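A short write-up of the structure that comes next.
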Amino acid sequence: LGAQVGISSQGGLLSVSIVVKKENLAATLKIVETLLSKPTFPKEEFELLVRETTERINRSKTEPTTLAGNALARKLNP
């Protein structure tokens, strides 16, 4: 369909962005509706996502760039 679809969630709010030609909008919306109403996420994929996210968080605890950014953010936004 040549569509670009972005779905994200932050703070309990869901955001969907769609870029598609007008003639493909209805079909794209149908696919997005299916994704949102009947999502599938295999257990193995979820476990992989949890491991990768945990590893990324643990690595960021010692990365100088991340630590500097956090310190700056705390100074600017106490």
Within the range 37-48, can you find the residues that are open to solvent by 80 Å² or more (accessible area, probe 1.4 Å), assigned to a helix (DSSP H, G or I) and either touching a residue at least 12 places away in the same chain (Cβ under 8 Å) or within 17 Å of residue 7 (Cβ to Cβ) (or both)? 45, 46
Residues of the range 15-26 being hydrophobic (A, V, I, L, M, F, W, C), surrounded by fewer than 12 Cβ atoms within 10 Å (Cβ to Cβ) and touching a residue at least 12 places away in the same chain (Cβ under 8 Å), in sequence order, are 19
Considering the range 55-78 alone, what residues qualify as being polar (S, T, N, Q) and either modelled with pLDDT of 95 or more or surrounded by fewer than 10 Cβ atoms within 10 Å (Cβ to Cβ) (or both)? 58, 62, 65, 77
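Do the conditions hold for residue 8, that is, is it open to solvent by less than 100 Å² (accessible area, probe 1.4 Å), modelled with pLDDT of 95 or more, outside any helix (DSSP H, G or I) and hydroxyl-bearing (Ser, Thr, Tyr)?
Working: open to solvent by less than 100 Å² (accessible area, probe 1.4 Å): yes; modelled with pLDDT of 95 or more: no; outside any helix (DSSP H, G or I): yes; hydroxyl-bearing (Ser, Thr, Tyr): yes.
So residue 8 fails the test.
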Can you tell me which of 57, 7 is β-branched (Val, Ile, Thr) and touching a residue at least 24 places away in the same chain (Cβ under 8 Å)? 7
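The values are calculated or read from the model by the stated rules, or taken from the named source; none is laboratory data. These figures come from a predicted structure and were not determined experimentally. Glycine also receives a Cβ, built like all others from the backbone with ideal geometry; neighbour counts cover every protein chain displayed. Ligands, DNA and RNA are excluded from the accessible area calculation, which covers all protein heavy atoms including side chains. Shrake-Rupley method; radii C 1.70, N 1.55, O 1.52, S 1.80 Å.
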